[in-house]
Structures are given as structure tokens and as C-alpha cells.
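One structure is given below, encoded as C-alpha cells.
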Amino acid sequence: MSGLDRWLEEARDAWKVLRIRASRLTPAPIAPDQLASENATERWRAARALIGRPRADFLPQLIRLTGDEDPMTRAAAVDALASWGPTLVLEPVRLALAQSPALDAAIALLELLARLPDPANRAAIQPWLEHDAPDVRAAAFMALAALCDDADLPTLRRALKEEGLPTQRAILAILCAPGAEPLAQRAANARDPILSQRGRQALKRIQQSQHTGVAKTVSDHVGAESRFS
């Protein structure tokens with residue numbers, strides 16, 4: 001074995017040891033006052049630190065942060081809640097929506113329902129479909145489309161015809177109902193480049209789900225781009 005080969009082997013062994021040690025490190029604890037800090041960066045960091053670390057005792061605070069004045073903190077709260085999964089999160093989120101939260105919170109909570117689709121979400125979504133604010137309606141239609149249910153297609157079809165471009169884009173970003181192929185095809189031929197792109201993506205998504213029998217969820221096919229842009 002040459003000197004270089006020996007060095008490379010030792011380096012690989014050392015890296016392996018470091019990875020094992022790092023995996024055993026305990027994440028820094030999060031204190032409740034960090035989520036309630038007056039500093040937006042502190043709130044954001046605390047919310048981000050809870051991603052993948054479910055804490056039922058922090059659930060009320062994290063839901064409140066979906067209405068935070070800082071948009072990055074709101075997004076971090078949604079990411080953390082989505083990572084905790086439907087069992088812990090969905091019922092409290094549906095209850096929060098029923099309490100008529102402020103617009104920013106309503107949009108964030110509806111986005112969360114889109115990321116954790118469940119048929120039981122429908123009743124919480126429906127009142128927001130007629131809201132005066134276009135951004136709220138866009139989030140509500142997105143959450144409805146995430147259910148991947150043909151029963152919702154008449155409502156979605158009407159929205160694609162009557163609502164503005166932001167709502168149309170939001171629906172197409174997540175459209176997945178098996179019978180939605182004609183809607184996706186129509187969007188794919190739209191003049192708006194973003195809507196056209198999302199129409200093509202939806203068409204591919206729907207056709208794939210028809211072959212596999214499994215509809216993809218928003219976490220599978222919606223990236224970091226704004227779904228209301």
C-alpha cells in the first residue's frame with residue numbers, strides 16, 4: 001500500500017468516527033421563552049430547531065407563531081409543524097382555523113393543511129374558500145386540491161375559471177386528483193409561463209399516480225418556490 005493509499009484509508013476511518021460521534025450528539029434544548037422572544041431571529045432559530053423534534057408542550061406556541069409578524073418565523077413554524085406529522089398536528093391546526101385567525105396565520109395554517117392532506121381537513125378549509133382576501137382563497141384552494149379527491153373537482157374547476165392567476169398557480173402547484181388531467185392539460189397550454197409549467201408538472205404527476213395508484217402529496221412535488229407567485 002502506497003503512502004497516499006494509507007493516508008486516504010486513515011482519512012476515511014477518521015471521517016467515519018466523526019460521523020458516528022456527531023450522530024450521538026444531543027440537540028441543544030429549546031426553551032419556551034425562545035419561541036416568545038422579542039427578537040425575530042431568536043424566534044426563527046427556535047422554530048427551525050424544532051423541525052423533526054415533536055414536542056407536544058410546544059405545540060400551542062408553534063401554532064401561534066404561524067401568525068408571527070416575521071415571515072421567516074411563520075415559514076419556520078409551518079416547516080416544524082409539518083415535520084411533526086398529522087397525528088399530533090392536524091386537529092389543533094383545524095381548531096385554530098375555526099377561531100378565525102388573522103390573515104397571515106390563516107394562510108400559514110391552510111398551507112400546513114396542504115402539506116398534511118387528510119379528508120377531515122375539508123370542513124376546516126371550506127369556509128376560507130369564499131374569503132375576501134385573494135391570498136387566503138389561494139391558500140384554501142391549494143389545501144383543497146391537496147386532498148387529491150375527484151369530488152372536489154367542480155369547485156376547483158370553477159376556481160380555475162373565476163379566480164385570479166395567483167389562485168390558479170396555487171391550485172396547479174399541487175393538483176393531483178385522478179380526474180384532473182383535463183384541467184392540467186388546459187393549464188399546460190396557458191400563456192402564463194408559470195401556470196403552463198405547473199400544468200405540465202401536474203399532468204405528469206397525475207399520470208404517474210394513475211399508473212402507481214398512489215397520489216403524490218405536496219411534500220413530494222412542491223419545492224421552496226412560492227406557491228402564490
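Nothing in this text is a laboratory measurement; each read-out follows from the coordinates by a stated rule. None of these values were measured; they are calculated from a predicted model. Every residue, glycine as well, gets a Cβ built from its backbone with ideal geometry; the counts of neighbours run over all protein chains shown.
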Open item on the list: At 0.36 nm per residue, and after removing the present C-alpha to C-alpha distance, how many nm does the segment from Ala36 to Leu165 gain when stretched out fully?
Closed with: 42.8 nm
- [ ] State the Cα centre-to-centre distance between region 89-132 and region 159-193 in whole Å.
- [x] 21
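Provide the gained length on full extension for the span Glu10 to Glu181, in nm with one decimal, where the gain is 0.36 nm per separating residue minus the Cα-Cα distance.
56.0 nm
Once you have the Kirkwood Rh of region 102-154 from its Cα pairs, apply Stokes-Einstein at 10 °C and 1.306 mPa s and quote D in µm²/s.
Numbers: Rh = 10.7 Å.
The diffusion coefficient I find is 148 µm²/s.
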Open item on the list: Suppose each label sits 7 Å from its Cα in the direction of the beta carbon; what would the Ser100-Ala123 distance come out to in nanometres?
Closed with: 2.0
- [ ] Would you mind counting up the charge near Ser196? Only other residues with Cβ under 12 Å from its Cβ, with Lys and Arg at +1 and Asp and Glu at -1.
- [x] +4
- [ ] Could you please report the charge total around Arg48, scoring K, R as +1 and D, E as -1 over all other residues with beta-carbon less than 15 angstrom from its beta-carbon?
- [x] +1
Task: Estimated FRET transfer efficiency when R0 is 30 angstrom, pair Ala133-Ala56 (beta carbons, to 0.05) - done: 0.40
Task: Around Asn39: net Lys/Arg minus Asp/Glu count, Cβ-Cβ under 13 Å - done: -4
